[in-house]
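Here the structure comes first, spelled out in structure tokens, and everything after it is commentary.
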Amino acid sequence: MQRRKQRYNIGEVSNISGLSIKSLRYYDKKGVLVPSTRDVQNNYRYYSESQLLEALAIREMKLRGFLLQEMETVLMS
């Protein structure tokens, strides 16, 4: 049985979701997808499994032409 990871770095989220690292940083800055933790020593972003699913949802919404505010509304509900 394969065990799931508890956290994913920004590169892993980018590779899995198809969102660029630049986009993930933008969504963090705008408060749409803020990483669950940051390493205090190197400031690396780490995302939870549920946030990885949110990143996948963001990619789908982006492909369908959602605006940033609309994405926020969907993710908040």
Filtering region 38-77 down to residues that are in contact (Cβ under 8 Å) with a residue 24 or more places away in the chain and aliphatic (A, V, I, L, M), which residue is most open to solvent (accessible area, probe 1.4 Å)? 56
Of the residues that sit in region 1-28 and are at pLDDT 95 or above and among the basic types (Lys, Arg), which one is most open to solvent (accessible area, probe 1.4 Å)? 22
Of all residues in region 16-59 being over 20 Å from residue 5 (Cα atoms) and among the hydroxyl-bearing types (Ser, Thr, Tyr), the one that is nearest to the chain's Cα centre (by Cα): 27
Which helices (runs of 4 or more DSSP H) sit wholly inside the chain and have at least 2 residues that are among the hydroxyl-bearing types (Ser, Thr, Tyr)? 10-17, 21-29
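The values are calculated or read from the model by the stated rules, or taken from the named source; none is laboratory data. Bear in mind the structure is a predicted one, so any value in this text is a computation, not a measurement. Cβ atoms come from the backbone with ideal geometry, glycine included; neighbour counts cover every protein chain shown. The accessibility values were calculated without ligands, DNA or RNA, using every heavy atom of the protein model including side chains. Shrake-Rupley method; radii C 1.70, N 1.55, O 1.52, S 1.80 Å.
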